[in-house]
């Protein structure tokens, strides 16, 4: 997919990654919602504390707008279509969106990141997280985990 035009809530585009899942959209949706709901996307609790993330703990009903997981607030959830998470901490303000598109061979699951990194500390943080490739590795790993679970659910 090509980078979206414009920005997410005024945030600049960072990157987009996608994976083809050999499973229908409903299986991908279930695997993705389990991954988001049961995983601390901001890392471990100590890291979340050091970063000073807003949304310090899980709250609300899973996949109800305004629900939180550490580091993120659920801004939008359209079943079997998209999930948009937003968040902020000391060094960044960000949005992570997942979209699903049905294809004859399965479902394309994409993750798109938009973020700003204000000030000198934001610049340094961006270099550590984005410039080092760590963000890319973590997002791709998450997509692969969702793919593995959706394909296993489909066959299991």
Among the strands (runs of 3 or more DSSP E) lying completely within the range 58-156, list those that include at least 1 residues that are closer than 16 Å to residue 13 by Cα. 82-89, 92-103, 106-116
Residues located in the range 103-124, provided they are in contact with a helix residue (DSSP H, G or I) (Cβ under 9 Å, 6 or more places away or on another chain), within 17 Å of residue 88 (Cα to Cα) and crowded, with 19+ Cβ neighbours inside 10 Å: 113, 115, 117
What number of residues in the range 60-79 are closer than 23 Å to residue 24 by Cα and touching a strand residue (DSSP E or B) at 6+ places or on another chain (Cβ under 6 Å)? 3
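Bear in mind that the values in this text are calculations on the coordinates, not laboratory data. A quick note: this is a predicted structure, and the numbers were derived from the prediction, not measured. Backbone-built Cβ (ideal geometry, glycine too); neighbour counts: all protein chains shown.
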